[in-house]
Amino acid sequence: MNQEKPTQHRAVMVSEVIEALKPRSGGRYLDATLGGATHSQELLKLSAPDGRVLSLDVDLTALGRAREMQPAYGDRWKIVESNFRHLKQAAQESGWMPFDGILFDLGLSSDELADPSKGLSFQIDGPLDMRLGPKANDDGLTAYDIVNRWTERELIDLIRTYGEDRFAPKIAQAIVMRRREKKFETTLDLAECIKDAVPLKHLKIHPATKTFQALRMAVNDELATLRLALETADEILADGGTIVVISFHSLEDRIVKQTFKKLVGYEITKKPICPTEAEVKNNSRARSAKMRAARKNTTKNNLCHEPTPLL
């Protein structure tokens, strides 16, 4: 019997991903961010009967749910608990290198937000953890460590850089003053402190939104991990293969754009591809999504650094 809850997550830009990766029979694909497994299953379906998919994730719930579905695809689908920081190692251990397509969907899963044990939501009480899974980082850092131990200057820099929040000084000061009396233990405790520190006038989002985003990005070392993974992806991609990245944050998109431009012998998308109006209407989480793609073509022009149209 399936003990895993069905996914609440709705993957974005599925048709655009498929158009870019062009899965085919016999192809080998790497889904670096399994999540609800929508993209992985679509790749498996369109690469039948003998295409193969390697899926990575650090979220144990997502992994467990996918493993319940895996028997339907037999040995065509390998599911591995791994941070995509270790992309090359996972690829080598699969024995399927090189890959014809690699996908990174950087969106936070609805399932993860709804899981109180992860402490990602400022609307659901949970521990101040924010790791996406046991292997989400290599140093065990948690949000509890940051809010209770980092200096006020470090907190300001974090919230300003990763959260892009103009109220970073006020929030950092409030956190430091409050923890002198009692350490922060839960998400709602922290959210309430931030709410009290930020003027609510003219705010269209919850005052804690950007701080929670910044904490999550720092705990999971998301930007450095993305940069490393994209640089590594080139080493495991077959000639003619494509890397696709869906990002949801300007800092992420900037890293993707800059890294793609440095790739030698690639055709890349000139501009990010955005979801259709219909998709945004049906799935509000898609509104900030941007997709970029890079196709490896070293045999055609192995000295060209200039981006050329892909999609």
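Going by what's in this entry, would Leu215 be described as in contact with a strand residue (DSSP E or B) (Cβ under 7 Å, 6 or more places away or on another chain), buried (at least 21 other Cβ atoms within 10 Å of the Cβ) and either of a type in the set (Asp, Glu) or modelled with pLDDT of 95 or more (or both)? It would help to see each step written out before you state the result.
Numbers: in contact with a strand residue (DSSP E or B) (Cβ under 7 Å, 6 or more places away or on another chain): no; buried (at least 21 other Cβ atoms within 10 Å of the Cβ): yes; either of a type in the set (Asp, Glu) or modelled with pLDDT of 95 or more (or both): yes.
Spelling it out, it is not the case that Leu215 is in contact with a strand residue (DSSP E or B) (Cβ under 7 Å, 6 or more places away or on another chain), buried (at least 21 other Cβ atoms within 10 Å of the Cβ) and either of a type in the set (Asp, Glu) or modelled with pLDDT of 95 or more (or both).
Report yes if Leu120 is over 13 Å from the mean Cα position of the chain (by Cα) and either hydrophobic (A, V, I, L, M, F, W, C) or more than 17 Å from Gly35 (Cα to Cα) (or both), otherwise no. Before the answer, list the steps.
Values: over 13 Å from the mean Cα position of the chain (by Cα): yes; either hydrophobic (A, V, I, L, M, F, W, C) or more than 17 Å from Gly35 (Cα to Cα) (or both): yes.
Spelling it out, Leu120 is indeed over 13 Å from the mean Cα position of the chain (by Cα) and either hydrophobic (A, V, I, L, M, F, W, C) or more than 17 Å from Gly35 (Cα to Cα) (or both).
Only residues that are surrounded by 21 or more Cβ atoms within 10 Å (Cβ to Cβ) and either without any contact (Cβ under 8 Å) to a residue 40 or more places away in the chain or touching a Leu at 6+ places or on another chain (Cβ under 6 Å) (or both): list them for region 43-62, please. Give the steps one after another, and end with the answer.
Taking region 43-62 as the starting set, the residues that turn out to be surrounded by 21 or more Cβ atoms within 10 Å (Cβ to Cβ) are 43-44, 47, 51-59, 62.
Leu44, Ser47, Gly51, Val53, Leu54, Ser55, Leu56, Asp57, Val58, Asp59, Ala62 - these are the residues of region 43-62 that are surrounded by 21 or more Cβ atoms within 10 Å (Cβ to Cβ) and either without any contact (Cβ under 8 Å) to a residue 40 or more places away in the chain or touching a Leu at 6+ places or on another chain (Cβ under 6 Å) (or both).
Restricting region 157-176 to residues that are among the β-branched types (Val, Ile, Thr) and surrounded by 19 or more Cβ atoms within 10 Å (Cβ to Cβ), which is nearest to the chain's Cα centre (by Cα)? Don't jump to the end; show me each part of the working.
If we filter region 157-176 for residues that are among the β-branched types (Val, Ile, Thr), which is where we start, we get 159, 161, 171, 175-176.
Checking the rest, the ones that are also surrounded by 19 or more Cβ atoms within 10 Å (Cβ to Cβ) come to 159, 171, 175.
Details: Ile159: 19, Ile171: 26, Ile175: 27 Å.
Among those that are among the β-branched types (Val, Ile, Thr) and surrounded by 19 or more Cβ atoms within 10 Å (Cβ to Cβ), it is Ile159.
Take Leu223 and decide whether it is hydrophobic (A, V, I, L, M, F, W, C) and under 24 Å from the mean Cα position of the chain (by Cα).
Details: hydrophobic (A, V, I, L, M, F, W, C): yes; under 24 Å from the mean Cα position of the chain (by Cα): yes.
So Leu223 fits the description; yes.
Tell me which residues, restricted to region 17-69, are farther than 20 Å from Ala294 by Cβ and among the hydrophobic types (A, V, I, L, M, F, W, C).
Once the filter is applied, which keeps residues that are farther than 20 Å from Ala294 by Cβ and among the hydrophobic types (A, V, I, L, M, F, W, C), region 17-69 yields Leu34, Ala37, Leu44, Leu46, Ala48, Val58, Leu60, Ala62, Leu63, Ala66, Met69.
I'd like the residue in region 92-103 that is touching a helix residue (DSSP H, G or I) at 6+ places or on another chain (Cβ under 7 Å) and not small (Gly, Ala, Ser) and, out of all such residues, is nearest to Ser25 (Cα to Cα).
Initially, region 92-103 is screened for residues touching a helix residue (DSSP H, G or I) at 6+ places or on another chain (Cβ under 7 Å), giving 97-99, 101-103.
Narrowing further to those that are not small (Gly, Ala, Ser): 97-99, 102-103.
Values: Met97: 16, Pro98: 15, Phe99: 13, Ile102: 16, Leu103: 18 Å.
Across region 92-103, the extreme among qualifying residues is Phe99.
What do you reckon, is Lys210 of a type in the set (Lys, Arg) and assigned by TED's automatic domain parsing to the domain that holds Trp150? Spell out the reasoning first.
On the way: of a type in the set (Lys, Arg): yes; assigned by TED's automatic domain parsing to the domain that holds Trp150: yes.
When the stated conditions are applied, Lys210 passes them.
The values are calculated or read from the model by the stated rules, or taken from the named source; none is laboratory data. It should be emphasised that the depicted structure is a prediction, and the values quoted were computed from it without experimental measurement. All Cβ positions, even for glycine, are placed from backbone atoms using ideal geometry, and neighbour counts span all protein chains on display.
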